[in-house]
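The values are calculated or read from the model by the stated rules, or taken from the named source; none is laboratory data. Keep in mind that this is a model prediction, so the values were computed, not measured. Because the Cβ atoms are built from the backbone with ideal geometry, glycine has one as well, and the counts that use them run over all protein chains shown.
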Amino acid sequence: MKYRFLTKVPILLASLFTITPVCAAILSAGNVAYPQISSNSSSPSLLSGIISSLLLDISPHAENSTNDSTYTNPFNITNIPKFILAGDWNIKLSNSSGRNTTNNNFTGNLKVIDITADFVGITTDGKGSHTHQISNFTPLTKKHATTDKSNNGSSGSGNGNTSLSALPIANVLSLNGNARILGTVDVGINNNIIWKDIQTNITVSNGKTIEIQLDDRAIDYHFGKGQSIFGLVNGLYLPR
């Protein structure tokens, strides 16, 4: 599937949805005129960006890492080994969910139907290079939303899972460029799936940044304890 790119800078989706559509993308002061999508287009749109994150290699078993007795020296962030994460992510969005069927303009939230990521992890001294894949997204269901207070220590589940009725609207990209994506994903290393059905909480903010939280205990604290994976939004792509 070929896509046409709407903007080369982080987007403010509130402007995208309110400006009169035109036939070609226009870049002006960070705002992009929103083109129409063909009424017979069943292909998803694509919100895309980069992963650019730094993880601290701190023991996950320390209750308070700043006072961890295993460290012989006082806590100093400059002395802690670090991992660089860099790569790409993509979120597929249903074109039909937020589109006015009369004129094909976007007038509402776009439903999230899939998310994938592929990125490299490497130490700051250039060692231990490996890749990671996030795939097989399954949206949150009532089955996943049963309360489980045993997950309080997990970054992916926050203060434990709650009922669907207690959650804000999830798995849609709003007009102001915000999204809270809840569900499960598979996590791979070097193109081999290592952890399946991992709970995830992904946040897109103001059409500019993304935060990926995975259930850290379920993946053996591979990305650290309570540490998120961060990135930037490059832009929104529409199918040709």
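Tell me which residues, restricted to the range 202-212, are over 8 Å from the mean Cα position of the chain (by Cα), of a type outside the set (Val, Ile, Thr) and surrounded by fewer than 23 Cβ atoms within 10 Å (Cβ to Cβ). Please lay out each step first, then the result.
So the first thing to find is which residues in the range 202-212 are over 8 Å from the mean Cα position of the chain (by Cα), and the list is 205-209.
Now narrow it down to the ones that are of a type outside the set (Val, Ile, Thr): 205-208.
Matches in the range 202-212: Ser205, Asn206, Lys208.
Here is a list: Asp148, Asp114, Asp125. Which entry is modelled with pLDDT of 70 or more, charged (D, E, K, R) and more than 21 Å from Asp57 (Cα to Cα)? So that I can check it myself, show each step before the final result.
Numbers: Asp148 fails: modelled with pLDDT of 70 or more; Asp125 fails: more than 21 Å from Asp57 (Cα to Cα).
Result of the check over Asp148, Asp114, Asp125: Asp114.
Residue by residue, here is whether (1) part of a loop (DSSP other than H, G, I, E, B); (2) at pLDDT below 95 holds:
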position	(1), (2)
Asn176	yes, yes
Val185	no, no
Ile193	no, no
Ile198	no, no
Asn201	no, no
Glu211	no, no
Gly224	yes, yes
Phe230	no, no
Leu238	no, yes
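Taking first residues from the range 192-206 that are farther than 19 Å from Lys92 by Cα and free of Cβ contacts under 8 Å to residues at least 40 places away in the same chain and partners that are crowded, with 21+ Cβ neighbours inside 10 Å and of a type outside the set (Ser, Thr, Tyr), the Cβ contacts under 7 Å between residues at least 6 apart in sequence or on separate chains come to Ile194/Val187; Trp195/Val187.
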